[in-house]
Amino acid sequence: MVAGYLDILRARHAVRLLVGTLVGRLPNATAAIAIVLFVRAEGGSYSLAGALAAVYGVANAVGQPVLGRLVDLHGQPRVQLPAAVLSALAMAVFAFAGTGTAAPAYLSVGAAGLFTPPLEGGLRALWPSVLPKEDQVHTAYAMDAVAQEVMFTVGPLLVTVCVALWSPMAALLVLNGVGVLGALSVVVSPPSRAWRSAPREAHWLGALRSGGLLALLGAFLFIGMALGSITVASVPYADEHGGDAVYGWLMAALGLGALVGGAVYGARQWAGEPARRLRLLVALLAVCYLPLMLMPGAVAMVLLTVLAGVFLAPCIACAFVLVDLHAPRGTVTEAFSWLVTTFTVGASVGTGLAGPVVEHGGALWGFAVPGAAGFVSLLVLACTGRVLAAPAREAVVAASSENDPNRAVEPRFSSGHQA
C-alpha cells in the first residue's frame with residue numbers, strides 16, 4: 001500500500017503541489033463549519049447558519065467552473081492567486097461585520113465563495129505533466145482523495161482549536177490567510193507556471209457538452225447533499241452530548257473514515273469498468289449513512305461517523321477517473337471544477353435543507369437526510385449506466401493550442417477501463 005504512494009511522492013514537485021493545494025483549499029474545506037460556529041457565537045439561528053453556509057457553497061459552485069475555464073484559457077498563476085486573495089478579503093469582511101445586518105453578511109460570504117480558486121481541478125490537470133505513467137496518475141487521483149480527507153480530518157479540529165484559543169472570528173481570519181499562502185506555493189511552482197491546456201473546440205457549454213460528465217455530476221449532487229446535511233445535523237447532537245468539542249470530533253471522524261477507505265482503495269489498480277465500480281461504492285456509502293440515525297453516546301457516534309465516511313474517498317477517486325474519461329479535450333480543469341461545483345452545490349443544498357429539518361424534527365430527522373440522498377445518487381447512476389460506460393475517448397497529446405502562444409503540449413492519457 002505504501003510503496004505505490006511513495007513512488008508518487010518521490011516525483012519532482014509532487015509533494016509541493018499536493019501540500020500546497022491542500023493548504024490552499026483549507027478555507028473552502030472548513031468554511032461550512034467555521035460559518036456555523038461563527039453565526040452561533042453571534043447569536044444567530046440554525047437556519048441563518050445553514051443559509052449563510054449554503055450561500056457560500058452556491059457562490060463557490062458558480063465560481064469554480066468559471067474560474068476553471070479561465071485557468072484553461074489563461075493559465076494557473078494569472079487566475080488562482082488573485083482569486084485566493086479576493087476570497088480571503090471577502091471572508092475577512094464577513095468576520096469583522098458580523099451577522100447583525102443580513103445584506104453585508106450574505107454579500108461577503110457569497111463573494112468569498114465566488115472567488116475560491118479552483119486549486120482542486122488545477123492539481124488534477126497537473127498530475128499528467130508531473131507523473132510519466134498512466135497508472136501513476138490513477139494512483140495520484142486516489143492519493144489526492146486520501147490527502148483531502150486528511151485535510152477534512154484536521155480542518156474541523158483546527159477550527160475548534162482556533163475557537164477555543166481565540167474566537168470563531170479568529171478561525172475565519174487565520175484559516176483564510178493560510179489558504180492564500182497555500183495557493184501562492186502552487187502557482188509559483190514550475191509545473192503550474194509551465195502548464196497549458198490542450199486545444200479546445202469553441203463551444204459555450206465547454207465541458208458540459210459531455211453526456212457522461214453530466215450523468216456523473218447528477219449523482220455527485222446528491223452525495224454532496226448527504227455530506228452537507230451531516231454537517232448541520234451534527235450540531236444539535238453535539239449540543240446534547242458535550243458541545244463544540246464533540247462536534248469537532250464528529251467532523252474529524254467523517255474525514256478519518258474517508259481517509260482509511262481511500263488509502264485502502266488506492267493501494268491497488270482496479271480492473272473492470274469504473275462506472276460499475278462507482279455504483280457499488282455509492283451503494284455502500286448510502287448504507288453506511290443509515291446507522292447515524294441510531295444517535296448513540298458520543299464515543300459510539302464518533303465510531304459510526306467513521307464508518308459513514310469510509311466509502312466517500314473511494315467514490316471520489318473513482319469519479320476522477322470517469323471525469324478523465326469523459327471530459328472533452330481542452331476542458332480538463334473546467335471538467336474537474338464542475339465536479340467540485342456539483343459536490344459543493346449538493347453540500348449547500350444539504351446544509352440549507354438540514355437547518356429547517358433539524359429545527360422542526362430534531363437531529364434524528366437531520367441524520368435521515370444523508371441516507372436518503374445517498375440512495376437517490378445510486379438511482380441516478382443506475383439510470384445513466386449506459387452513458388457512463390461509453391467507450392473512452394482517444395488519448396490526446398496536443399501539438400498546439402489556441403490558448404498557448406508557445407505551442408506547449410498537455411500530456412493526456414487514454415484511461416481505458418483500468419482505474
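The values are calculated or read from the model by the stated rules, or taken from the named source; none is laboratory data. What you are looking at is a predicted structure, and each value in this text was computed from that prediction instead of being measured. Every residue, glycine among them, receives a Cβ derived from its backbone with ideal geometry; neighbour counts consider all protein chains shown. Ligands, DNA and RNA are stripped out before the accessible areas are found, and what is left, the full protein with its side chains, is counted by its heavy atoms. Shrake-Rupley method; radii C 1.70, N 1.55, O 1.52, S 1.80 Å.
For the reader, a short list of remarks on this structure follows.
- Going through (1) crowded, with 23+ Cβ neighbours inside 10 Å; (2) within 22 Å of V15 (Cα to Cα) one by one, L81 falls short only on (1).
- Residue list for region 22-49, restricted to those being within 30 Å of Y141 (Cα to Cα) and either touching a Ser or Thr at 6+ places or on another chain (Cβ under 6 Å) or at pLDDT 85 or above (or both): L22, V23, G24, R25, L26, P27, N28, T30, A31, A32, A34, I35
- Tally of residues being of a type in the set (G, A, S) and either surrounded by fewer than 23 Cβ atoms within 10 Å (Cβ to Cβ) or in the same structural domain as V357 (by the TED database) (or both) across region 30-46: 4
- Enumeration of residues in region 1-32 that are under 23 Å from V345 (Cβ atoms) and part of a helix (DSSP H, G or I): T21, L22, G24, L26, P27, N28, A29, T30, A31, A32
- All conditions in (1) open to solvent by less than 50 Å² (accessible area, probe 1.4 Å); (2) of a type outside the set (G, A, S); (3) touching a Gly at 6+ places or on another chain (Cβ under 8 Å) hold for H241, with the sole exception of (1).
- Residues satisfying the stated conditions in region 47-64, i.e. closer than 15 Å to G350 by Cα and open to solvent by 60 Å² or more (accessible area, probe 1.4 Å): V58
- Hey, L181 out of contact with any strand residue (DSSP E or B) (no Cβ under 6 Å at 6 or more places or on another chain), modelled with pLDDT of 85 or more and open to solvent by less than 30 Å² (accessible area, probe 1.4 Å) or not: no
- Selection count where residues are part of a helix (DSSP H, G or I), open to solvent by 10 Å² or more (accessible area, probe 1.4 Å) and either hydrophobic (A, V, I, L, M, F, W, C) or farther than 22 Å from A92 by Cα (or both), scope region 163-174: 7
- Out of T333, T305, sole residue that is modelled with pLDDT under 85 and assigned to a helix (DSSP H, G or I): T333
- Residue match in region 408-419 (condition: modelled with pLDDT of 85 or more, small (G, A, S) and either closer than 23 Å to C288 by Cβ or assigned to a helix (DSSP H, G or I) (or both)): no
- The residues of region 252-276 that are open to solvent by less than 30 Å² (accessible area, probe 1.4 Å) and in a helix (DSSP H, G or I), listed by number, are A252, A253, L254, G255, G257, A258, G261, G262, A263, Y265, P274, A275.
- There is no residue in region 194-212 that is of a type outside the set (F, W, Y) and at pLDDT 90 or above.
- Enumeration of residues in region 2-30 that are among the basic types (K, R) and over 30 Å from V174 (Cβ atoms): R10, R12
- Residues being among the β-branched types (V, I, T) and either at pLDDT 80 or above or in the same structural domain as V232 (by the TED database) (or both) - total across region 117-163: 5
- Within region 281-307, residues that are closer than 17 Å to A233 by Cα and open to solvent by 30 Å² or more (accessible area, probe 1.4 Å) sit with their Cβ atoms under 7 Å from residues that are among the hydroxyl-bearing types (S, T, Y) and at pLDDT below 95, at 6+ positions apart or across chains, in these pairs: M295/Y237.
- The residues on offer are T160, T139, T101, T116, and the sole one that is among the hydroxyl-bearing types (S, T, Y) and surrounded by fewer than 19 Cβ atoms within 10 Å (Cβ to Cβ) is T101.
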